[in-house]
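J.: Handing you a structure now.
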Amino acid sequence: MLNKKSVDDIQVKGQKVLMRCDFNVPLQDGKITDEVRLVAALPTLKKLIGDGGRVILCSHLGKPKGEPVPSLSLAPVAARLSELLGQEVKFVPDDNVVGTVVVAAANGLLAGEVMLLENTRYRKEETKNGEAFSRDLASLADIFVDDAFGTAHRAHCSNVGVTQFTKENAVGYLMQKEIDFLGNAVNNPERPFVAILGGSKVSSKISVINNLLDKVDTLIIGGGMAYTFMKAKGLETGTSLLEADYIDYAKEMMEKAEKKGVKLLIPVDTVVAKEFRNDAPSRVAAGDIQPDEMGLDIGPKTRELFAAALTDAKTVVWNGPMGVFEMPNFAAGTVAVAKALADISATTIIGGGDSAAAVNQLGFGDKMTHISTGGGASLEFLEGKELPGVAAADDK
C-alpha cells in the first residue's frame, strides 16, 4: 500500500490525464471561503501541465445526492483555480458530468491545457462505485492521477472504479505526502513514538486505539473520550460525555497498555461546568466530578503532564481536540497540546478533521511537519486499514 506509482513515475506529454482532486470547499453566496484545498492541488497540477499533459480535473462538492444542485456547482472553483494558476481552467457545465460536449472538450485539449468537470456527485452512481459512470470517466483519459486523500477511504467511481478502465494509475504529490507521513509514522516511526487521541467518542476510535497500542511508546487520551476511561478507573464523571457500553473496552485497553509496556495517559484534572456554554462558570476538578457537572477541557495539571510526555518524542501523531476548543473558555487544553508540539523537534503529524482545524486556527500550522487533508481517511490509515483510493493506484 505504501509503494505507489506517483506523478514522477509517469510520462504524460500529449496524454489526456484525469486528475481526481479534493475541491470540496466551503462556499458562501457562491464565493469560496477557504481555498486551502485548491492551493494543495497546485503542485501536482503544475507538474502535469509542465510535463505537457492535457489535464481533466474532477471532484465532488458537498452532498447533492445524485442530482444537480446549482449551489453545489464547481463553476466557482474553475474561476478561482484559473486565477491561482494564471491560466484558464475551462469549465463545461453538464448535469450528467460526462456528456458529448464534455467528451469533445476533453478531446480538443492541447498540451498544458486544463478543464474541470461538474460535481461528480451529480451522478447517483458515483458513491456506489457504479461501472457505467466509472467507464464514462475513464473514456476521457489515458492516465488517471488521484490526489484526493480526503476521499481515499471511500470506494467511489471517481477514485476507485475509474482505475479499472484506464491504462495507468498514479498518485499525486498530496496523496504521496499522506502515504509517506502517515504510513511511515505508523509502520516505521522514529522513537519515542507518541500518539495523542482526543475528540468526543471512544466508539469512533476503537480500532485506532487498539492498533496504536501495538505501535506507540506512549498513548495520550483527552477530549470527550477520556471520560469513558476515567469511569473505567472508577472515577465519577458527572454529566460528562460517557459511552457506558465502552467502559469494559476502556479497561481492556488499559490492561493491554500495561502488558505491552505502553504508557497510557488520561487526564488527572478536568475543567468542569454545569452547562454546555462558553460563559458557564467553571472550576478545576481533580479526580471525581460532581453529579451535576460536565468535563469540557483538560485541567492545568493534565496540560503539564501531556506536555512533559511530548518533550523527548521523535514522532507524534495527533487526532482530536482535548476539549470543546470551539468555545474559547474551554480551548486551553487543545492550545497547550498544539504549543507543546510546536516547541519540540519531532516529526509532528496532525490527523485531519478537528485537530487540523484547531492547529490552523491557533496559528501553529506552519510549526507542524504534516497536517493531513483527510479526517476520516487519516483515521482509517491509523487503524491500519487499507484505503481503497490508495490501493487502486498502480504499484511501482
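J.: Please say if segment 1-131 is rounded, prolate or oblate, where rounded means a/c under 1.5 for a ≥ b ≥ c the square roots of the C-alpha gyration tensor eigenvalues, and otherwise the choice is prolate for a/b larger than b/c and oblate otherwise?
T.: rounded
J.: While we're here: For the chain, what is the mean residue ellipticity at 222 nm derived from helices alone (per DSSP H run of n ≥ 4: -39500 (n - 2.57); sum divided by total residues; nearest 500 deg cm²/dmol)?
T.: So the helix-based figure for the chain works out to -9000 deg cm²/dmol.
J.: Please turn the phi angles of segment 234-249 into ³J(HN,Hα) values with the Karplus equation 6.51 cos²θ - 1.76 cosθ + 1.60 (θ = phi - 60°), one per residue in order, whole Hz, x for glycine and proline.
T.: Once rounded to whole Hz, the list reads x, 8, 7, 10, x, 9, 4, 4, 9, 10, 4, 5, 10, 5, 5, 4.
J.: Measure nothing but the geometry: give the 0 to 90° angle between the long axis through the Cα atoms of 332-343 and the longest principal axis through the Cα atoms of the chain, rounded to 10°.
T.: Taking Cα atoms only, the helix is inclined about 70 degrees.
J.: Rg (Å, one decimal) plus Dmax (Å, integer) for the alpha carbons of the chain?
T.: That works out to 22.9, 70 Å for Rg and Dmax.
J.: Moving to a separate point now. Relative to the Cα centre, what is the charge dipole magnitude of segment 259-306, using +1 at the beta carbon of each Lys and Arg, -1 at the beta carbon of each Asp and Glu, and rounding to the nearest 20 debye?
T.: On the way: 8 positive and 8 negative charges, 87 e Å.
It works out to roughly 420 debye.
J.: Shifting gears a bit: Provide the per-residue ³J(HN,Hα) series for segment 355-363, in order, calculated from phi with Karplus coefficients 6.51, -1.76, 1.60 and θ = phi - 60°, each as a whole number of Hz, with x at glycine and proline positions.
T.: 5, 5, 4, 4, 4, 5, 5, 7, x
J.: List the chymotrypsin sites (Phe, Trp or Tyr not before Pro) within segment 101-190 that fall in a DSSP loop (any state other than H, G, I, E or B) and whose Cβ has at most 16 other Cβ atoms within 10 Å. List each step's numbers first, then the result.
T.: Numbers: sites: TYR122, PHE133, PHE144, PHE149, PHE165, TYR173, PHE181; in loops: PHE165.
Sites meeting the loop and neighbour criteria: PHE165.
J.: Could I ask something else about it? Calculated FRET efficiency, SER203 and MET327, Cβ-Cβ r, R0 22 Å, to nearest 0.05?
T.: 0.45
J.: As I understand it, the dipole of segment 1-50 uses +1 on the Cβ of Lys and Arg and -1 on the Cβ of Asp and Glu, about the Cα centre. Which of GLY14, LEU38, PRO26 lies farthest toward its positive end?
T.: Of the options given, the answer is GLY14.
J.: Of the accessible area of segment 248-362, with the probe set at 1.4 angstrom, what percent is carbon plus sulfur?
T.: 50 percent
J.: Moving on. Taking LYS260 as the anchor, which lysines have their alpha carbon closer than 18 Å to its alpha carbon, excluding any fewer than eight residues away along the same chain?
T.: Cross-link targets: LYS215, LYS251.
J.: How big is the gap, in Å, between the Cα center of segment 316-356 and the Cα center of segment 249-293?
T.: 17 Å
J.: Suppose every K and R has +1 on its Cβ and every D and E has -1 on its Cβ; what is the size of the dipole of the chain about the Cα centre, in Debye to the nearest 20?
T.: Charge dipole, the chain, about its Cα centre: 380 debye, nearest 20.
J.: Another question, if that's okay. Highest mean first, how do 26-32, 328-334 rank when packing is the count of other Cβ atoms within 10 Å averaged over residues?
T.: 328-334, 26-32
J.: Along the positive direction of the dipole of the chain (beta-carbon charges: Lys, Arg +1; Asp, Glu -1; about the Cα centre), which of MET254, THR218, ALA286 reaches farthest?
T.: So the residue furthest toward the plus end is THR218.
J.: Next up: In debye, nearest 20, what is the charge dipole magnitude of segment 271-335 about its Cα centre with +1 on Lys and Arg Cβ and -1 on Asp and Glu Cβ, if you could check?
T.: It works out to roughly 180 debye.
J.: GluC sites (Glu not before Pro) within segment 291-344: which are DSSP loop residues with at most 14 other Cβ atoms inside 10 Å? Walk me through the intermediate numbers first.
T.: Numbers: sites: GLU293, GLU304, GLU326; in loops: GLU293, GLU326.
Answer by residue number: GLU326.
J.: Starting from the Cα of LEU235, step 7 Å along the direction of its Cβ; do the same at LEU84; then give the gap between the two resulting points in nm.
T.: 4.3 nm
J.: Next question. Quick one: of LYS13/LYS396; LYS274/LYS367; LYS314/LYS385; LYS31/LYS90, which pairs are farther than 27 Å apart, Cα to Cα? All intermediate terms of the calculation are to be shown ahead of the outcome.
T.: Details: LYS13/LYS396 20 Å; LYS274/LYS367 36 Å; LYS314/LYS385 24 Å; LYS31/LYS90 18 Å.
Cα-Cα > 27 Å for LYS274/LYS367; rest within.
J.: Taking segment 144-299 as the region of interest, what is the percent of Cα-Cα pairs per 5 angstrom bin, listed from the shortest bin to the one with the maximum distance?
T.: 2, 9, 15, 15, 13, 12, 10, 10, 7, 4, 2, 1, 0
J.: If you don't mind, there's one more thing I want to ask. If you wrap a convex hull around the alpha carbons of segment 262-396, what volume per residue comes out, as a whole number of Å³?
T.: Roughly 142 Å³ of hull volume per residue.
J.: Ok, one more. How would you order 229-236, 65-72 from highest to lowest mean count of nearby Cβ atoms within 10 Å?
T.: Values: 229-236: 17.0, 65-72: 13.1.
Ranked from most to least packed, the peptides come out as 229-236, 65-72.
J.: Still on this structure: From the residues VAL145, VAL103, SER73, which one has its Cα farthest along the dipole of segment 60-159 in the positive direction, the dipole being from +1 and -1 charges on Cβ of Lys/Arg and Asp/Glu about the Cα centre?
T.: Positive-end residue among those listed: SER73.
J.: Fully extended, how many nm does the chain gain between LYS385 and GLU35 (0.36 nm per residue separation, minus their Cα-Cα distance)?
T.: 123.1 nm
J.: Oh, and also: Just check segment 65-156 against the gyration tensor rule for me: Cα atoms, a ≥ b ≥ c as the square roots of the eigenvalues, rounded for a/c under 1.5, and otherwise prolate or oblate depending on whether a/b exceeds b/c.
T.: Rounded shape, in that the Cα axes give a/c under 1.5.
J.: Oh, and also: Order of 373-385, 195-207 by packing, highest average Cβ count within 10 Å first?
T.: 373-385, 195-207
J.: How tilted is helix 300-310 with respect to the longest principal axis of the chain? Cα atoms for both, answer in degrees (0 to 90, nearest 10).
T.: Between the helix axis and the principal axis of the chain, the angle is about 60 degrees.
J.: Give the shape of segment 218-309 as rounded, prolate or oblate, defined through the alpha-carbon gyration tensor: a ≥ b ≥ c are the square roots of its eigenvalues, a/c under 1.5 means rounded, and otherwise the shape is prolate if a/b is larger than b/c and oblate if not. Present the calculation step by step, with values, prior to reporting the outcome.
T.: Numbers: a/c = 2.56, a/b = 1.47, b/c = 1.75.
Note, shape of segment 218-309 comes out oblate.
The values are calculated or read from the model by the stated rules, or taken from the named source; none is laboratory data. What you see is a predicted model; the values in this text were computed from it and never measured. Note that we place each Cβ from the backbone using ideal geometry, even for glycine, and neighbour counts take in every protein chain shown. SASA here: full protein model, heavy atoms, side chains in, ligands and nucleic acids out. Shrake-Rupley method; radii C 1.70, N 1.55, O 1.52, S 1.80 Å.
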